[in-house]
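Undergrad: The structure follows.
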Amino acid sequence: MTTSPTSAESTLIRPPGLLRDLITLTKPRIISLLLVTALCAMFVAARGMPGGWLILWTMVGGYLSAGGANAVNQFVDRDIDAVMGRTDKRPIVAGRISPGAGLSFGLTLGVASILVLGFLTTWLAAVLSCVGFLLYVFLYTLWLKRTTIHNIVIGGAAGAVPPLVGWAAVTGDISFAAVLLFAVVFFWTPPHFWALALILDRDYTEAGVPMLPVIYGEAAARLQVMLWTIVMAGVTLLPYAAGEAGLVYLVSAVVLGGAFLWASIRLWQGDTRRNWASATFHYSLIYLALIFVAIAVDATL
């Protein structure tokens, strides 16, 4: 039996395309920032360099957990994703992966993350990772996202779990310092996401997602970004105040937080709303990575 050129081409191209779509389901760019917070927490917990294999398996387990939660999120939100320009090309919406396959893939990754973290790091890390998975899927995606403007405030707890996972992977327990790292991410989440919501307010309106600028308007959202940035900047000083970090971290937190606050004030005051919303959002990504790198460097020194 001969193979037509079309079927031969499909045989060669489809597997890489499928692999690419599966990776896309995990949202790797988002996960990379979460893994940075987990990795830096490991350095703080170890007061230096953790073991190489421990780092590897914690990163693998963390990726599987977050990636699985993101895949399940895209299964649940496929109706919303279909009407938003930012998300209408995602694999499930575009029909390249069936909803059932996407859900199965996400759940499989979630189970795999528990096994990897449990057997190769600590079971506390595995449990915490599972808690983060469940918070993101059930608390945020299935409940809060479609019902309240506080969706990303309360649901932000899921994104703040990775530092706890990294800490528990090293020590097997959770200390006050780990809770402070959790708090940094938790209070960073509202100004980060509401800046994004200001950019995508039209998409969220069309999808019926009750984000803050959609329900209360742009002015209220700009003010809340600034107010939460002030709170967040104060929270980032707590590790130093509690004696869990030194001067290297303090100086870094003041400088990085000052730049974030300046951007949020310009967003609040500025007439060019979308320009400053974009600047605030993109800086927030850099900010979170650098603030965690700073505390890791401080702990190592």
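Undergrad: On each of the three principal axes of the Cα atoms of the range 17-174, give max minus min coordinate, whole Å, ordered largest first.
TA: Principal extents (Cα only, largest first): 47, 36, 22 Å.
Undergrad: Given +1 on the Cβ of Lys and Arg, -1 on the Cβ of Asp and Glu, and no further charges, what dipole in debye does the chain carry about its Cα centre, rounded to the nearest 20?
TA: On the way: 17 positive and 14 negative charges, 67 e Å.
Roughly 320 debye, rounded to the nearest 20.
Undergrad: Roughly how many debye, to the nearest 20, is the charge dipole of the range 17-174 about its Cα centre, given +1 on each Lys and Arg Cβ, -1 on each Asp and Glu Cβ, and no other charges?
TA: In debye, rounded to 20, the range 17-174 gives about 320.
Undergrad: So what J values fall out for the range 236-250 if you push phi through Karplus, 6.51 cos²θ - 1.76 cosθ + 1.60 with θ = phi - 60°, rounded to Hz, Gly and Pro as x?
TA: 5, 7, 5, x, 6, 4, 8, x, 9, 8, x, 5, 4, 5, 4
Undergrad: Nearest 20 debye, what's the magnitude of the dipole of the range 186-281 about its Cα centre given +1 on Lys and Arg Cβ and -1 on Asp and Glu Cβ? Mind dumping the intermediate values first?
TA: Values: 5 positive and 6 negative charges, 35 e Å.
Rounded to the nearest 20 debye, it is 160 debye.
Undergrad: Pick out, from L25, A157, W123, the residue whose Cα sits farthest towards the positive end of the charge dipole of the range 17-174, with +1 on the Cβ of Lys and Arg and -1 on the Cβ of Asp and Glu.
TA: It is L25, whose Cα lies furthest towards the positive end.
Undergrad: Which of G52, G208, G110 moves most in a GNM of the chain, Cα contacts under 10 Å?
TA: Maximum fluctuation in the GNM of the chain, among the listed residues, is at G52.
Undergrad: Separate question: Would you mind computing the Rg to Rh ratio of the range 175-301 from its alpha-carbon coordinates, Kirkwood style for Rh?
TA: On the way: Rg = 15.4 Å, Rh = 15.0 Å.
Answer for the range 175-301: 1.03.
Undergrad: Under a plain spin-label model, where a point goes 7 Å from the Cα along Cα-to-Cβ, how far apart in nm are A219 and R29?
TA: The answer from the label model is 3.3 nm.
Undergrad: Continuing with this model, one more query. Compare R222, R266, R96 in a GNM of the chain, Cα atoms joined below 10 Å, and give the one with the largest fluctuation.
TA: Result: R96 has the largest fluctuation of those listed.
Undergrad: Right, here's the next one. Of the residues E244, E218, E206, which exhibits the maximal mean-square fluctuation in a Gaussian network model of the chain defined by a 10 Å Cα contact cut-off?
TA: E206
Values in this text are rule-based calculations from the coordinates and carry no lab data. Here the structure is a predicted model, which means the values were calculated and not measured. With ideal geometry, Cβ positions are generated from the backbone for all residues, glycine too; neighbour counts draw on all protein chains shown.
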